[in-house]
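What follows is a single structure, written as C-alpha cells, with notes after it.
The values are calculated or read from the model by the stated rules, or taken from the named source; none is laboratory data. Remember, it's a predicted structure, so these values are computed and weren't measured experimentally. With ideal geometry, Cβ positions are generated from the backbone for all residues, glycine too; neighbour counts draw on all protein chains shown.
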Amino acid sequence: MTQDKLCLACNGDGLLIDDEEWRYTCRICGGSGFQPQHGRVYDRQTIEVDGQNRCMD
C-alpha cells in the first residue's frame, strides 16, 4: 500500500490512541485506514466525550 493513500490521522491503522492509551476508531477515515475520497474532513461528525474528556466510541 502506498503511503500517499493512508489516512494521515491514524497512519493507516484505523485506530487512534490518546495519552491514557484508550483506543478508538479514527473519525477521519472511519476506521478504514485510507484517506477519505469524498467530502471534506471538516464535515465529519464530532466526537462524543464523557466527563473526563475521554472519547465515547
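May I ask you to list pairs of residues, at least six apart or on different chains, whose Cβ atoms are under 7 Å apart, with the first in region 6-18 being part of a loop (DSSP other than H, G, I, E, B) and the second being of a type in the set (Lys, Arg)? Taking only residues 6 or more apart or on different chains, not a single pair turns up. What pairs come up if the first residue lies in region 31-55 and is within 21 Å of residue 11 (Cβ to Cβ) and surrounded by 10 or more Cβ atoms within 10 Å (Cβ to Cβ), the second is polar (S, T, N, Q) and modelled with pLDDT of 65 or more, and their beta carbons are under 8 Å apart, counting only those six or more places apart or on different chains? Going by the 8 Å Cβ cut-off, the qualifying pairs are 31/25. For region 1-29, a residue qualifies if it is among the small types (Gly, Ala, Ser) and at pLDDT below 85, but none of them does.
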